[in-house]
Amino acid sequence: MGRALSMDLRQRVIAAIAGGLSCRAAASRFGVSAASAIRWRQLAARTGKVVPRRPGGDSRSVRIEGHHGFIRSLIAADSDLTLVEVRDALAARGTQVSVATVWRFFDRHKITRKKRPRTRPSRTGPTS
């Protein structure tokens, strides 16, 4: 993912649009995409600034984070739950998420789910 374009460039594009150029003409003049110029104009009209948002981040985990206590209580009640069972319990509460979303939730909160029993030790010698 690329970096945000400079504030100076954004302000010059907005100034050109305010000076009478169309968004597409201003975009062509400064070498940016027309979509960017249009979005910047809309942002300037809405907020008065053309500051870029912070890059990256997860915007969809809010749905499952709201059920943090419920998921912890599920695990406390039955520590042998699978990810599919946790997903189905959330679906019963009206929250549709994927198994991958549940897994990322567990990973974010350092919840480990070891389902396989330990292998027995070697009789011939220690292994790494």
extent check for the chain: Cα max minus min per principal axis, descending, whole Å, gives 80, 44, 18
The chain, dipole about Cα centre (Lys/Arg Cβ +1, Asp/Glu Cβ -1), debye to the nearest 20: 340
If you wrap a convex hull around the C-alpha atoms of segment 7-47 and split its volume per residue, what is the figure in Å³? 55
In terms of the ratio Rg/(2.2 N^0.38 Å) built on C-alpha atoms, what value belongs to segment 50-89? 1.71
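Any read-out appearing in this document is the output of simple, stated calculations on the displayed coordinates, not a laboratory observation. The model shown is predicted, which means the values in this text are computed figures rather than measured ones. Neighbour counts run over all protein chains shown; Cβ positions are idealised from the backbone, glycine included.
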